[in-house]
Each structure stands twice: as C-alpha cells, then as structure tokens.
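Structure record follows, encoded as structure tokens.
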Amino acid sequence: MKQSSWAEFAHKVDEARRQQHLSIRQFGLAAGVPKATAQGWLNGRHMPTPALRQKFLAAIAELGLSQDVPGGLWEDPVDA
C-alpha cells in the first residue's frame, strides 16, 4: 500500500476514534499496545508491524471499521 493510502486510512481511523470520544490511550488499550504505538498508527506515521496487525485489526473492529480496511493493506515485502 502506498504511504499516502495508509495515511488516509489512518486519518479515517483517528476520526472514528475522536467521534466515539476515545482517547489515544483508550485506543491503545483496545489494541493492547502502548499509547506511543497507537499514536504512530493514528497519525499515519507507522503501519502496524506484522506482529501487531491482529491487535490493530481488533482495535479498528471496536471502532466499527473492520469493513473499511483497504484492500492490499498488508501487501508489503514481509508478506511477499
């Protein structure tokens, strides 16, 4: 996935978090990751590592965004 596409999806996730009045810390708790990791995801700076992808998906499921995950999100050299 292109960095710009990831950043757009991350923005959508962050907007959903804000609309549901969740703090970044609460989002991180839903994902089982530190606040700093959650912040990196939400601002589009970092994609979840392969080891944390399931945690990220669990957190976005809490936001009701499971169906909005872009196709090809995990297409990267790690998965090739």
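Assess whether GLN54 counts as being in a helix (DSSP H, G or I) and either of a type in the set (Phe, Trp, Tyr) or farther than 18 Å from PRO70 by Cα (or both). In short, no. The single condition among (1) assigned to a helix (DSSP H, G or I); (2) more than 12 Å from LEU65 (Cβ to Cβ) that PHE9 does not meet is (2). Residue count for the range 39-48 under the criterion of being in a helix (DSSP H, G or I) and closer than 21 Å to GLY72 by Cα: the result is 3. If you go through the range 14-22 one residue at a time, do you hit one that is modelled with pLDDT of 90 or more, surrounded by 12 or more Cβ atoms within 10 Å (Cβ to Cβ) and outside any helix (DSSP H, G or I)? Yes, there is a match, as at least one residue in the range 14-22 is modelled with pLDDT of 90 or more, surrounded by 12 or more Cβ atoms within 10 Å (Cβ to Cβ) and outside any helix (DSSP H, G or I).
The residue that is nearest to ALA61 (Cα to Cα), among those in the range 3-49 that are out of contact with any Gly (no Cβ under 7 Å at 6 or more places or on another chain) and of a type in the set (Ser, Thr, Tyr), is SER23. The set of residues from the range 33-50 being at pLDDT 95 or above and either among the small types (Gly, Ala, Ser) or on the phi > 0 side of the Ramachandran plot (or both) comprises ALA36, ALA38, GLY40.
The values are calculated or read from the model by the stated rules, or taken from the named source; none is laboratory data. Small disclaimer: the values here were computed from a predicted structure and weren't measured. Quick reminder, even Gly has a Cβ in these numbers, built from the backbone with ideal geometry, and neighbours come from all protein chains shown.
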